[in-house]
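This report concerns only the one structure given below.
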Amino acid sequence: MNKTDKIYVAGHRGLVGSAIVRNLESKGYTNIIGRTHAELDLTIQADVIRFFEEERPDVVVLAAAKVGGINANNTKPAEFAYDNMQVQCNVIKCSHDYGVKKLLFLGSTCIYPRMAPQPIPEEALLTGPLEETNEAYAIAKIAGLEMCKYFKRQYGDDFISCMPTNLYGPRDNYDLKDSHVMPAMIRKFHEAKLSGAPSVELWGTGKPLREFLYVDDMADACVFLLENYSGEQHVNIGTGKEVTIKELAETVCETVGYEGKMVWNTDMPDGTPRKLTNVDKLHAMGWRHKVELKEGVGLAYDWFKANIDSARMDGR
């Protein structure tokens, strides 16, 4: 890529997209564009075509997606399937039609098979049944990954994909109905600390293992791939390290300074038992993460406290 290329970051105000914009700017890219959902609804094909006709971006980063935790995926499967597939189809096809020279599509490690081998290699995709609690989202994202592959194979388009692990950091979603586990814990422990609540309820058993990557590390890996990778296969982005949900809760609890008890509601689902990425491919290219979990949780909590009025708290 050239520093003056017009780079369209779809989802530029979200957790992932905003981090990618920060990283691009830090590396001297000077022509980055974005549109809010109010300005451009990516599910509407005619509007997406009009945008590409007017802006003619050189590079596209497809970080826009409908995302959420177990509850959101369980209760809104039709929306997760439809919205994500509409966005992907519209942006990927327009990127081809309007001669975009590089596109990066972001998947998610939660779309690997539920019982994938651990650590999960890139080759594990589509080798087994999906996790039921996020099946609709997974099917949609798999379609996007495969579309990039097909456009590359049929037309030679330089469309690449990556598979980030669980992300957290600035501009995360703290809505307890729709958020992922880390921001939900940060909010719960913070509010319990302020109110003096004697206990905090957490979902599941605390036994599942998860890998967490600070979002600015993820963004750095994405820009690294844009600058250095043109392969057909997607690339895992992660730390290659894992903790139990219970260990995560203890880290968040300590960081927030909450002194009450944790109560595990075992009637609620755990999700996939284990989900660790094999990051050998990315490491072999020369990229590794920098922010370890304890430091990252501290950074995320600092951002939450500083932005609590503007953070997404209840669908805002």
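Overview of results
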read-out	value
Dipole of the stretch 214-308, positive direction: furthest Cα of T272, V297, G260, with charges on the beta-carbon	T272
The stretch 51-110 versus the stretch 204-231: alpha-carbon centroid distance in Å	18 Å
Among beta bridges that DSSP assigns inside the chain, antiparallel share in %, nearest 5	5 percent
Rounded, prolate or oblate (a/c below 1.5 giving rounded, otherwise prolate when a/b exceeds b/c) for the stretch 66-162 by Cα gyration tensor	oblate
Among A197, P183, H96 - extreme Cα towards positive end, dipole of the stretch 95-244, charges at beta-carbon	A197
Residues whose placed amide H lies under 5 Å from that of R274, excluding near-sequence neighbours	L209
Amide H contacts under 5 Å for L202, placed H, 5+ residues apart	V263, W264, N265
Spread of Cα-to-Cα distances over 10 Å intervals beginning at zero, given as percent, for the chain	6, 27, 37, 23, 7, 1, 0
Carbon plus sulfur fraction of accessible area for the stretch 1-144, probe 1.4 Å, in percent	52 percent
Under 21 Å from the Cα of K27 - lysines, other chains or at least 8 residues apart	K3, K6, K101, K102, K290
Out-of-range pairs (alpha-carbon distance over 23 Å; input K66/K275; K76/K177; K76/K152)	K76/K152
Top of G68, G156, G204 by mean-square fluctuation, Gaussian network on the chain, Cα under 10 Å	G156
Rounded accessible area per residue of the chain, 1.4 Å, Å²	44 Å²
Binned Cα-Cα distance frequencies in the stretch 181-239 - 5 Å width, integer %	4, 13, 17, 15, 13, 11, 10, 8, 5, 3, 1
The chain: calculated mean residue ellipticity at 222 nm from DSSP helix runs of at least 4, using -39500 (n - 2.57)	-13500 deg cm²/dmol
Surface accessible to a 1.4 Å probe, E25 within the full protein complex, Å²	110 Å²
In Å², nearest 10: area of I142 left accessible to a 1.4 Å probe	20 Å²
Hypothetical label at K294: residues of the stretch 230-249 whose amide nitrogen lies under 20 Å (7 Å Cα-Cβ projection)	239-249
Lys/Arg +1, Asp/Glu -1 at C-beta; the stretch 53-197 dipole; positive extreme among G169, V67, T127	G169
Backbone HN-Hα couplings from phi across the stretch 195-205 [Karplus 6.51/-1.76/1.60, Hz, Gly and Pro as x]	8, x, 4, x, 8, 10, 8, 10, 7, x, 9
Nonlocal amide H pairs with L213, under 5 Å, H built at 1.01 Å	N166, L167, Y168
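The values are calculated or read from the model by the stated rules, or taken from the named source; none is laboratory data. Bear in mind the structure is a predicted one, so any value in this text is a computation, not a measurement. No Cβ is skipped: glycine too gets one built from the backbone with ideal geometry, and neighbour counts run over all protein chains shown. What goes into the accessible areas is simple: the full protein's heavy atoms, side chains included, and nothing from ligands, DNA or RNA. Shrake-Rupley method; radii C 1.70, N 1.55, O 1.52, S 1.80 Å.
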